[in-house]
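Here's the structure, in structure tokens; my notes come after.
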Number of protein chains: 2
Amino acid sequence: MDAEGFEFDRQIAVTAEGEGRYAAEIDPGWVVGGGVNGGYLLAVIGNAVRASLPAKPDPVAVSAYYLSATRPGPAEVAVDVRREGGRVATVAADLVQGDESRITVLATYGDLDRFGDDVRTTAVEPDLPPLEECVRGSDAPPEVLELAPMMGRFDMRFHPDDVGWAVGKPSGQGVMRAWFRLNDDREPDPVSLLMVVDALPPVTFNLGLMGWAPTLELSAHVRARPAPGWLKVRHETRNLAGGMFEEDCEVWDSTGRLVAQSRQLALQPRTA
Amino acid sequence: MDAEGFEFDRQIAVTAEGEGRYAAEIDPGWVVGGGVNGGYLLAVIGNAVRASLPAKPDPVAVSAYYLSATRPGPAEVAVDVRREGGRVATVAADLVQGDESRITVLATYGDLDRFGDDVRTTAVEPDLPPLEECVRGSDAPPEVLELAPMMGRFDMRFHPDDVGWAVGKPSGQGVMRAWFRLNDDREPDPVSLLMVVDALPPVTFNLGLMGWAPTLELSAHVRARPAPGWLKVRHETRNLAGGMFEEDCEVWDSTGRLVAQSRQLALQPRTA
């Protein structure tokens, strides 16, 4: 792996080993709480899938089921092309450590430049004050930053209404909004969006439920190649029930286009 | 397969063949346009997965990738248990005809009765007039019914604002709402909800885009065991762009509980 270039590209780098297998190194910089961020892991898998499909380099739909806890260190991504058509290809992929699959994935890839330019969006761009009026993730209390080394991987600027949880005053609304940009001003691309959809703290923090919210399943749709610049990210939950909650995410690029949508089903954090 | 009981149960019936393989018969009654309804097929797969996991009978999260067109007639569902834990199990499954996988699926199953009773829903129940003020699916023009034999499988009562497409006057809103009940008053259960989330006509009809909208990916979350009685179903799209659209679905039971949420990514119908 290359020591040059952007931090994020080094952290998601994969090395082809033949027969659809790719070696990866899970970076400790993406640790949060007791685990490794699921979005980062999905970008590692997404990067291996991209390597296996040269003519269809972009994730269009990706569904990940989290089977066991990934640890920092060596891992392998095994990619099995299930069907390749003219416009899209569908693969199954697993992130494996030792003999154990950590994450199992289905994904459809294509070339987003071939998907047309029409846009009829009724979704509304997240309502975020200008960057300088938002709250930097790096200003979080030291005990929060200590639990979440991953906060050092990007510049995240929270909507001022959504950060009360960090000082024990959750908003009571199941919403989390922030500006997002990777370190080194590394520009967003379709694979990095697989990380962005799972980078913010869980919306449950704003419902007063602090603690780890393990993802059971996350499906992401990449709807366009993002333009360079800051992203706007919005998470929302509307149904916290039966010990689970869904978390919907939208990512908007600097031109005001909705570039990714995702939904995950997670287990509610156990309350203290 | 048994000729007794409810029509729907006969149509999703599977017969164990050993080693995680189940024989199924894809019923021609679920044809729509040139294909077989994807929600019905997902219920067939879901029924085979249920048969393979006696202690975890309920779908919690299911993601389906549609690879090739399923035809009425014999099929096989192959289920591979990827991980079984105390609370949930995750499987990979394929619906196969001949040598070809038609649909490949990842799914997490559990026992919904063990998931707790807490509900903190901010989602709002679909706004549907009483049944008798809604428009019966069976009152659709004969040319619509001829293209969609599946409309004979259930009683569907549309919101009067959402049926203009059937007579060439689409609402212009990316929304479709209806009451839903299976034939024989067969009560809803977690597996039947996998069909319900894909039973309504595509929301794109209400945007003036008639025609088949092939699903690339559909993920459904079953959030509670539905109570007996009529279901309320609401579909919405917010981002028709790049030749694709997402379709979100909510299913509410007769007690006013949100029992299923789904999102699919589909290709826009080609306009005439």
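Details
- Selection within region A:154-170: residues that are surrounded by fewer than 21 Cβ atoms within 10 Å (Cβ to Cβ) and among the charged types (D, E, K, R). The member of this set that is farthest from A:GLY137 (Cα to Cα) is A:LYS169.
- Just one of the listed residues (A:LEU231, A:LEU267) is crowded, with 23+ Cβ neighbours inside 10 Å and either more than 9 Å from chain B (Cβ to nearest Cβ) or closer than 28 Å to B:ALA107 by Cβ (or both), namely A:LEU231.
- Candidate set: region B:83-95, residues that are under 22 Å from B:SER219 (Cβ atoms) and surrounded by fewer than 18 Cβ atoms within 10 Å (Cβ to Cβ); chosen: the one nearest to the other protein chains (Cβ to nearest Cβ): B:ARG83
- The numbered conditions (1) without any contact (Cβ under 8 Å) to a residue 24 or more places away in the chain; (2) in a strand (DSSP E or B); (3) among the aliphatic types (A, V, I, L, M); (4) closer than 29 Å to B:THR237 by Cα are all true for A:VAL124 except (2).
- Flag for A:VAL203 being in contact with a Ser or Thr (Cβ under 6 Å, 6 or more places away or on another chain) and of a type in the set (Val, Ile, Thr): yes
- Unmet criterion (only one of (1) crowded, with 23+ Cβ neighbours inside 10 Å; (2) at pLDDT below 95; (3) not charged (D, E, K, R)) for A:VAL49: (2)
- A count restricted to region B:33-80 and to residues that are aliphatic (A, V, I, L, M) and part of a loop (DSSP other than H, G, I, E, B) stands at 4.
- Any hit, region A:165-176, residues being among the aliphatic types (A, V, I, L, M) and closer than 20 Å to A:VAL44 by Cα: no
- Among the candidates B:GLU187, B:GLU143, the residue that is modelled with pLDDT under 95 and more than 20 Å from B:ARG263 (Cα to Cα) is uniquely B:GLU143.
- For A:LEU193, the criteria (1) closer than 26 Å to A:THR255 by Cα; (2) surrounded by fewer than 20 Cβ atoms within 10 Å (Cβ to Cβ) hold in every case but one, which is (2).
- Number of residues in region A:111-127 that are at the interface with chain B (Cβ under 9 Å from one of its Cβ atoms) and within 22 Å of the chain's Cα centre (by Cα): the value is 3.
- Looking only at region B:237-249, and only at residues there that are within 9 Å of chain A (Cβ to nearest Cβ) and not small (Gly, Ala, Ser), the one that is nearest to B:VAL60 (Cα to Cα): B:ASP248
- Region B:1-32, residues that are closer than 17 Å to B:PRO72 by Cβ, more than 13 Å from the chain's Cα centre (by Cα) and in a loop (DSSP other than H, G, I, E, B): B:MET1, B:ALA13, B:ASP27
- Hits in region B:140-156 (condition: assigned to a helix (DSSP H, G or I) and of a type in the set (Asp, Glu)): B:GLU143, B:GLU146
- Only residues that are within 11 Å of chain B (Cβ to nearest Cβ) and either farther than 16 Å from A:TYR40 by Cβ or surrounded by fewer than 24 Cβ atoms within 10 Å (Cβ to Cβ) (or both) were counted across region A:63-80, and they come to 5.
- A:SER101, sole failed condition from (1) under 23 Å from A:TRP30 (Cα atoms); (2) more than 7 Å from chain B (Cβ to nearest Cβ): (2)
- Count of residues meeting criterion [closer than 30 Å to A:PHE115 by Cα and without any contact (Cβ under 8 Å) to a residue 40 or more places away in the chain] in region A:181-222: 2
The values are calculated or read from the model by the stated rules, or taken from the named source; none is laboratory data. Remember, it's a predicted structure, so these values are computed and weren't measured experimentally. Using ideal geometry, Cβ is built from the backbone for each residue, glycine included, and neighbour counts are taken over all protein chains shown.
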